[in-house]
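What follows is one structure encoded as structure tokens, with my remarks underneath.
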Amino acid sequence: MSELGDEIVLRPRFKIGLDIDLESLKTTFDVKAKNPFSIKRLDEHVYLRFKKAQTDFWSPQLHLEMTSFEEGESTIHGVFGPNPTLWTFFIFLHFGIGTLFVILGVFAYSNYSLGHDVTLWMVGMGFLVAIWFALYAFGRLGKAKGRTQMNQLHSYLNELIQDIPKK
């Protein structure tokens, strides 16, 4: 399995092939998690997170999906992501700002067509663009802050599956 690169992508993904049947692989994740991690398994989906005491605003989680298409062979597909509540909040903010941008654009165009001053509308649109850039910078900062914990989650996964033969 390849190590995580230094590049920070939106939602880093990886795949691990294992020589084990799916049911045995599921039981690998039915263990009590060691500190500071928590494990939640729902059928073929596993969520590795940090316990509440060790989480901060930017703490990532690792979602694993286990699949098997051949007897005795399984694959783990992993995706790192932010806290779902935080992700939803960021999407809501982007939608809200985008909607306001379009509304201000419509008002600016209407006022321009009528020969009125559009300075206020254009300033508002510029302010929204500045907020978009600020959200982008804030998101990049958060990904950089969560990088250490993402590597810890990846190492813990490797520790859990270290005794399983890889393909």
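The values are calculated or read from the model by the stated rules, or taken from the named source; none is laboratory data. None of the values given here were measured: they were computed from a predicted structure. We place every Cβ from the backbone using ideal geometry, glycine too, and count neighbours over all the protein chains shown. Surface areas here come from the heavy atoms of the whole protein model, side chains and all, with no ligands, DNA or RNA. Shrake-Rupley method; radii C 1.70, N 1.55, O 1.52, S 1.80 Å.
Take every pair of alpha-carbon atoms less than 8 Å apart whose residues are at least six positions apart; their mean separation over the length of the chain yields a relative contact order of 27 percent. Descending by average beta-carbon neighbour count within 10 Å, the peptides 140-148, 85-93 line up as 140-148, 85-93, the highest first.
Straight-line reach from K166: which lysines have Cα under 22 Å away, leaving out those fewer than 8 places along the same chain? Within reach: K15, K26.
For the residues G98, G139, G115, a GNM of the chain with alpha-carbon springs under 10 Å puts the largest fluctuation on G115.
Solvent-accessible surface of the chain, averaged per residue with a 1.4 angstrom probe and all protein chains in place: 63 square angstrom.
Peptides 101-107, 30-36, 59-65 ranked from most to least packed, by the mean per-residue count of other Cβ atoms within 10 Å: 59-65, 101-107, 30-36.
Of the solvent-accessible surface of the range 53-167, computed with a 1.4 Å probe and all protein chains present, 68% belongs to carbon and sulfur. The residue among L22, V102, S38 whose Cα reaches farthest toward the positive pole of the charge dipole of the range 1-105, with charges on the beta-carbon of Lys, Arg, Asp and Glu, is V102.
Matching the structure-derived volume of the Cα convex hull per residue in Å³ against the labelled list [x] 114; [y] 126; [z] 139 gives the label [z]. Considering only C-alpha atoms, what is the centroid distance from the range 11-59 to the range 131-158, in Å? Cα centroid of the range 11-59 versus Cα centroid of the range 131-158: 18 Å apart. Placing pseudo-labels 7 Å out from each Cα toward the beta carbon at D117 and F92 gives an inter-label distance of 3.7 nm.
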